[in-house]
Amino acid sequence: MLKVGLCGVGGISGAHIPAWEAMEDAELVALCDVRPGQIEKYPGKRHYTDVDEMLRQEELDILDICLPTYLHAEVAVRAMERGIHVLCEKPISLRREDVARLYGTARRMNVRFMVAQVLRFWPEYVALREIHDSGRYGRLLSGTMTRLGQRPRWSWDGWMMDEARSGLVPFDLHIHDLDFMVYAFGRPKDVDSFRARRPEQDAFTAVYDYGDFYINTEATWYAAPYPFTAGFRFQFERALAVLDGTLRIYEVGGGVRTVEAGSGETGGISLPGTNAYANEIRYFADCVKAGRDCDIVKPEELETVIDILRGI
Ligand SMILES: NC(=O)c1ccc[n+]([C@@H]2O[C@H](COP(=O)([O-])OP(=O)(O)OC[C@H]3O[C@@H](n4cnc5c(N)ncnc54)[C@H](O)[C@@H]3O)[C@@H](O)[C@H]2O)c1
């Protein structure tokens, strides 16, 4: 049984905690948050307000880091130095040099380390990558990826609206789509970007040039209370793949195929039925148990993403 501790019981922990709780070979034994009120809603766990105290008192196999971004690297290093495997929310850091530092520590301590870049485990995005790799619908011609929502007023101490602590829209929101692009299509040849930044909003657009195709992206925190929405349209030679709540394939000269998990009618496109956060956590736990690297998220790809974000 894997003993798991989680630190940072805020927004995203609401996706991680149920995933750990649903696993039969892992037990979430301890939670840590500087705000005691955040952990009180989870009775039956041991509660801490100091991460180092939790690491000292508990005999953890895994630490799941759901802390604000600027705390990820330091806490991850301190846990790995104690021989604890670490799953860390995205982004790994705002600083490129932390990638080598973290993976170097993991290697030296012989522990597993993975950044929770969840689109790599998101069924519809996994399916898109399969469609591209298989060549089923011909070559990719163009793509559009969007990720929009209202500014994150809810974050603890307003850290998300503070550039030094979150990196704002490029590092907090757009990074999901850019990370997926680097994972699925490699490093783009060039990028053009535009940004409209105000104290209460951050609108970002970038067009990535891959030579044979281009990908147009948009990521925005609106000042207005616009509901969160994310999706894509990818145009291949013989079909258009669209995620707009549901993944649909519009075949050139043919019909529309709806790709739903567990529907059986996937036309050879595999779409796992579980949710993406559960998928990534399951994958990480399996890597820990098998003693193998978490190869789905590679350090050189994380460095590429930081390089691109630093350059725009
Ligand atoms: N994968 C995704 O889809 C996704 C979505 C949202 C956020 N995130 C990432 O998850 C991380 C957390 O974001 P969030 O939205 O949950 O933020 P949040 O502000 O809602 O939660 C952070 C929590 O950490 C606690 N905290 C702060 N300092 C602490 C410390 N020193 N020790 C212990 N607890 C401390 C806060 O009290 C808060 O409860 C960020 O890096 C963010 O980029 C990922």
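The values are calculated or read from the model by the stated rules, or taken from the named source; none is laboratory data. Being a predicted model, the structure only gives us computed values, none of them experimental. All Cβ positions, glycine included, derive from the backbone under ideal geometry; neighbour counts span all protein chains shown. For accessibility, only protein heavy atoms count, side chains too; no ligands or nucleic acids. Shrake-Rupley method; radii C 1.70, N 1.55, O 1.52, S 1.80 Å.
Odds and ends about this structure:
- Count - residues of region 225-247 that are open to solvent by 80 Å² or more (accessible area, probe 1.4 Å) and free of Cβ contacts under 8 Å to residues at least 60 places away in the same chain: 1
- Any hit, region 26-33, residues being more than 9 Å from the ligand (Cβ to nearest atom), acidic (Asp, Glu) and touching a strand residue (DSSP E or B) at 6+ places or on another chain (Cβ under 9 Å): yes
- Search result, residues across region 119-128 that are under 16 Å from the mean Cα position of the chain (by Cα) and part of a helix (DSSP H, G or I): LEU119, ARG120, PHE121, PRO123, GLU124, TYR125, VAL126
- Selection over region 95-109 of residues that are open to solvent by 10 Å² or more (accessible area, probe 1.4 Å), touching a residue at least 24 places away in the same chain (Cβ under 8 Å) and out of contact with any Asp or Glu (no Cβ under 9 Å at 6 or more places or on another chain) gives a count of 3.
- Hits in region 197-215 (condition: open to solvent by 40 Å² or more (accessible area, probe 1.4 Å) and of a type in the set (A, V, I, L, M, F, W, C)): VAL207
- Within region 87-118, the set of residues being part of a strand (DSSP E or B) and away from the ligand (no atom under 13 Å from the Cβ) comprises just one member, PHE113.
- In region 60-71, the residues that are in contact (Cβ under 8 Å) with a residue 60 or more places away in the chain reach residues that are in a loop (DSSP other than H, G, I, E, B) and away from the ligand (no atom under 12 Å from the Cβ) with C-beta atoms within less than 9 angstrom, at least six apart or across chains, in these pairs: ASP61/MET1; ASP61/ILE84; ILE62/ILE84; ILE62/ARG112.
Every residue, every condition in (1) within 9 Å of the ligand (Cβ to nearest atom); (2) under 18 Å from CYS287 (Cα atoms); (3) open to solvent by less than 10 Å² (accessible area, probe 1.4 Å), yes or no:
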| site | (1), (2), (3) |
| --- | --- |
| LEU2 | no, yes, no |
| ILE17 | no, no, yes |
| ARG35 | yes, no, no |
| LYS41 | no, no, no |
| ASP52 | no, no, no |
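- Look at region 38-50: where a residue is assigned by TED's automatic domain parsing to the domain that holds ARG78 and a partner is part of a strand (DSSP E or B) and open to solvent by 40 Å² or more (accessible area, probe 1.4 Å), sitting 6+ places away or on another chain with Cβ atoms under 6 Å, you get ILE39/HIS47.
- Scanning region 149-201 for residues that are more than 16 Å from the ligand (Cβ to nearest atom) and part of a strand (DSSP E or B) gives ASP190, VAL191, ASP192, SER193, PHE194, ARG195, ALA196, ARG197, ARG198, GLN201.
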